[in-house]
Amino acid sequence: MIGILFAIFAGVMLGFYAMPEKFVKNYQFENTWGLCFLFMLWIVPAILAFSMIDGFAQVLSDVGAPILLKMLIPSFLWGVGMLLWGKAINHIGLSLGFSIFIGTIVFIGSVLPFFIHGLPATNILVAVLIGIVIILIGIIMNGRAGILRAGENKKNAGSSSMATGIIIAVVGGLLCTGFNVANEFGKDAIAAAVQNNGNESWLTSVASMFIVYVSGGLFVIPYFVIQISRKKMWGSFKVAGANKNVSLTALMAALNFTASVLFAYSAFVLGKAGGTIGYAIFNTMSVVVAVVGGIVTKEWVTAPDKAKTALYIGLAAMIIGVVIIAYGNGLAA
């Protein structure tokens, strides 16, 4: 039960993580997300891992190059997906961006185990496939909600890029499944290395997320350095309210990394079910919180009723689909 509770809490925290962006002023996309990803992928993980885990450098050495490489590749792809996530939210807003992005992650993440471990028993396979179909319906309905909103809100400068934002969210979701793949590849070896160096077992989650986040940053951080340099935007960080903006981006980073650490711990506690049941709950809760957050911040206040109806139907379908998938994967566990 403790693993389920941690997965729920992690999902709630992840759902809130992007909300501070709405209060960042006078920064362009590159300023806001460049700082956020720097804090999130390198600074916060390094501070926490090296300060909380005794002999962390030795822990990494004990894990070994083969495992680290297996984690690096999917983590790198996850980093690309995270960048696209930020762009999607910038294009189509918090609620729609989260719904499509996370829906895609759960959709693909539920199929991947079949390619790794083979097909499960028929009753499990049927339950999971039904859940996947329902989630796909939810993704389509949320996409329709965004298109309807754009069609009615011609004065919105970002509405012309709604279709682009939806595509970005889907592609980003596909790549971000690397997060769970990397965690599953490394959690057992990392747990052994962490405990062999005299640390508590729960610190496995911090060590795992350090590897995932730093690897993801190998693409994201250079991307922003290049973009900011090419556009000559280094001076753009010095604006009115810069200190507040930096604090908000640091808060975004802290919320995101902490949410991932909590999920990694829930996956560790749940064992084999962690990458399935825990992952489904984690992502579902983040969608619920993000959609509610978008509504509370009046993101959909001017949207037509048809758009709102489609959004709510899509969200409901995704939740139902994830519950069915979690049940099917629970049978497997």
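Please treat every number below as a calculation from the coordinates, not as lab data. Since this is a predicted model, take the numbers as computed values, not measurements. All Cβ positions, glycine included, derive from the backbone under ideal geometry; neighbour counts span all protein chains shown.
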Loop trypsin sites (Lys or Arg not before Pro), region 1-90, which have at most 13 other Cβ atoms in a 10 Å radius of their Cβ (DSSP): Lys25
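Can you tell me the FRET efficiency between Ala163 and Trp202 if r is taken as the Cβ-Cβ distance and R0 is 30 Å, rounded to the nearest 0.05?
Details: r = 43 Å, r/R0 = 1.45.
After rounding, the FRET efficiency stands at 0.10.
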Stretchable slack from Ala316 to Lys244, in nm (0.36 nm times residue separation minus alpha-carbon distance): 22.3 nm
Separation of alpha-carbon centers, region 209-268 and region 71-100, rounded to whole Å: 13 Å
Check: the chain dipole with +1 on Lys, Arg Cβ and -1 on Asp, Glu Cβ, in debye: 1200 debye
Prolate/oblate/rounded call for region 212-333, Cα gyration tensor, a/c under 1.5 rounded: oblate
Cα gyration tensor shape of region 38-127, rounded if a/c is under 1.5, else prolate or oblate by comparing a/b with b/c: oblate
Stretchable slack from Phe115 to Leu69, in nm (0.36 nm times residue separation minus alpha-carbon distance): 14.5 nm
Cα-based radius of gyration of region 2-332 once divided by 2.2 N^0.38 Å, which approximates compact folds: 0.98
Which listed pairs, of Lys187/Lys298; Lys87/Lys231; Lys25/Lys87; Lys70/Lys232, have C-alpha distances above 29 Å, in listed order: Lys187/Lys298; Lys70/Lys232
Theoretical gain in end-to-end length, Lys231 to Val171 [0.36 nm per residue, Cα-Cα removed]: 19.1 nm
